[in-house]
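Chemist: Let me give you the structure first, and then I'll get to my questions.
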Amino acid sequence: MRIYNFIGYAIIFGYAAACMYFAPPALGPWMGLSIGAAYFIACWFVGGLYLSCVIHMGIAHRALDYKEWFVKTITVVNNTFGVYINPVTWVNRHRLHHAFSDHPGDPNKLASDGWLRTLYLCLLPYQTKTNLATDDIFKSWAFRLVSNPAFAVASQVFSLWLLWLLVGDLRFAAVMWLVFRIFALWINMIQNYWTHDRRFGSRRYDDERDNAMNIGEWLPVTATFSACLQNNHHHSPGLLRLSHEESEYDLGFAAVKVMRTLGVVRATDRGSELPQGIALTTLNF
Ligand SMILES: [Zn+2]
């Protein structure tokens, strides 16, 4: 088993065991596990839709055109109740990451950075000097609210307090809240470290300009909503799907298709243009 899968499963099993161990007597271990699972799945699902499907492919790359109310709602909901990720600074860093992948100017990681350095950079990325996040939507009240530093602090306190209120036990709430955020950090490491080191994953395209790799196993693809297919994505960043073959497991694209049938998203011209030289003959969207 690859090290990234081992660590991912270890966090999940550790989380499950901690939920059972720290569940208050009034709930008991199995109810504790059920509540923990519900919290885990809700945070993962909303966070994945928010970051991978909406902010990444919808805003940062403009491959998908979401209804504005939907973008604002999921942004406020995720950042109030789930794992806080500032959408404005994230989009700026992500655009710089594509412009300078693995080279000076990439806020996420330089080619020479090891796992510990990259872990540190997940929390405190390299400083950016340019602002590429000047889209109109960032001037809306919803985005100005969530990108405010006071909101960033208050939402952390609020989401923990709310969980405490719901489960009636601070220690149990704090364990779920904290260990899920460790899982979110592992997701961040899949993106910033394991899919940007040529020792891991595979390369469909041998693009010399970056070290982007495809990691295609079930757990990382599910956890990241397919964002770990980095080699495909860096080869054609404007394409609205990250899988380049129908046989490639792509949860993120499946989620986008469901959202399309619900009427909240459509493809942009940029997102639906099939690049030359990729294995897909149709977008299937
Ligand atoms: Zn991207």
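The values are calculated or read from the model by the stated rules, or taken from the named source; none is laboratory data. For clarity, every value in this text was computed on a predicted model and none was experimentally measured. We place every Cβ from the backbone using ideal geometry, glycine too, and count neighbours over all the protein chains shown. Note: accessible area is taken over every heavy atom of the protein model, side chains too, but ligands, DNA and RNA are not part of it. Shrake-Rupley method; radii C 1.70, N 1.55, O 1.52, S 1.80 Å.
Chemist: Report whether or not His94 is surrounded by 21 or more Cβ atoms within 10 Å (Cβ to Cβ) and either of a type in the set (S, T, N, Q) or under 20 Å from Thr195 (Cα atoms) (or both).
Modeler: Working: surrounded by 21 or more Cβ atoms within 10 Å (Cβ to Cβ): yes; either of a type in the set (S, T, N, Q) or under 20 Å from Thr195 (Cα atoms) (or both): yes.
In short, yes.
Chemist: Applying the selection to the range 7-65, what residues are touching a Lys or Arg at 6+ places or on another chain (Cβ under 7 Å) and either within 16 Å of the ligand (Cβ to nearest atom) or aliphatic (A, V, I, L, M) (or both)? It would help to see each step written out before you state the result.
Modeler: Going residue by residue through the range 7-65, those that are touching a Lys or Arg at 6+ places or on another chain (Cβ under 7 Å) are 22, 60, 62-63, 65.
Matches in the range 7-65: Ala60, Arg62, Ala63.
Chemist: What about Leu27, is it open to solvent by 40 Å² or more (accessible area, probe 1.4 Å), in contact with a helix residue (DSSP H, G or I) (Cβ under 9 Å, 6 or more places away or on another chain) and in contact (Cβ under 8 Å) with a residue 60 or more places away in the chain?
Modeler: Working: open to solvent by 40 Å² or more (accessible area, probe 1.4 Å): yes; in contact with a helix residue (DSSP H, G or I) (Cβ under 9 Å, 6 or more places away or on another chain): yes; in contact (Cβ under 8 Å) with a residue 60 or more places away in the chain: yes.
In short, yes.
Chemist: Something else: Only one residue in Leu160, Leu178, Leu185 is touching a residue at least 60 places away in the same chain (Cβ under 8 Å), assigned to a helix (DSSP H, G or I) and not aromatic (Phe, Trp, Tyr). Which one?
Modeler: Numbers: Leu160 fails: touching a residue at least 60 places away in the same chain (Cβ under 8 Å); Leu178 fails: touching a residue at least 60 places away in the same chain (Cβ under 8 Å).
Leu185 is the lone residue from the list that is touching a residue at least 60 places away in the same chain (Cβ under 8 Å), assigned to a helix (DSSP H, G or I) and not aromatic (Phe, Trp, Tyr).
Chemist: In the range 76-96, what count of residues is obtained for those that are in contact with a helix residue (DSSP H, G or I) (Cβ under 7 Å, 6 or more places away or on another chain), more than 12 Å from the ligand (Cβ to nearest atom) and either farther than 20 Å from Leu163 by Cβ or hydrophobic (A, V, I, L, M, F, W, C) (or both)? Break it down into steps so the answer makes sense when it comes.
Modeler: Residues of the range 76-96 in contact with a helix residue (DSSP H, G or I) (Cβ under 7 Å, 6 or more places away or on another chain): 76-88, 90-91, 94-95.
From what is left, the residues that are more than 12 Å from the ligand (Cβ to nearest atom) are 76-88.
Keeping just the survivors that are either farther than 20 Å from Leu163 by Cβ or hydrophobic (A, V, I, L, M, F, W, C) (or both) gives 76-77, 81, 83, 85-88.
So the count comes out to 8.
Chemist: Continuing with the same structure: Among residues belonging to the range 210-229 that are in contact (Cβ under 8 Å) with a residue 60 or more places away in the chain and within 14 Å of the ligand (Cβ to nearest atom), point out the one that is surrounded by the fewest Cβ atoms within 10 Å (Cβ to Cβ). Please lay out each step first, then the result.
Modeler: First, the residues of the range 210-229 that are in contact (Cβ under 8 Å) with a residue 60 or more places away in the chain: 210-212, 215, 217, 219-220, 223-227.
Next, only the ones that are within 14 Å of the ligand (Cβ to nearest atom) stay: 210, 212, 224-227.
Values: Asp210: 21, Ala212: 25, Thr224: 25, Phe225: 27, Ser226: 29, Ala227: 24.
If we take residues in the range 210-229 being in contact (Cβ under 8 Å) with a residue 60 or more places away in the chain and within 14 Å of the ligand (Cβ to nearest atom), then Asp210 is surrounded by the fewest Cβ atoms within 10 Å (Cβ to Cβ).
Chemist: Sticking with this one: Taking the conditions exactly as written (within 16 Å of the ligand (Cβ to nearest atom), over 29 Å from Leu163 (Cα atoms) and touching a Lys or Arg at 6+ places or on another chain (Cβ under 7 Å)), does Ala99 satisfy them or not?
Modeler: On the way: within 16 Å of the ligand (Cβ to nearest atom): yes; over 29 Å from Leu163 (Cα atoms): yes; touching a Lys or Arg at 6+ places or on another chain (Cβ under 7 Å): no.
No.
Chemist: Okay, moving on. Take Ser202 and tell me if it is of a type in the set (Ser, Thr, Tyr), in contact with a Gly (Cβ under 8 Å, 6 or more places away or on another chain) and surrounded by fewer than 23 Cβ atoms within 10 Å (Cβ to Cβ). Please lay out each step first, then the result.
Modeler: Values: of a type in the set (Ser, Thr, Tyr): yes; in contact with a Gly (Cβ under 8 Å, 6 or more places away or on another chain): yes; surrounded by fewer than 23 Cβ atoms within 10 Å (Cβ to Cβ): yes.
Criteria met by Ser202.
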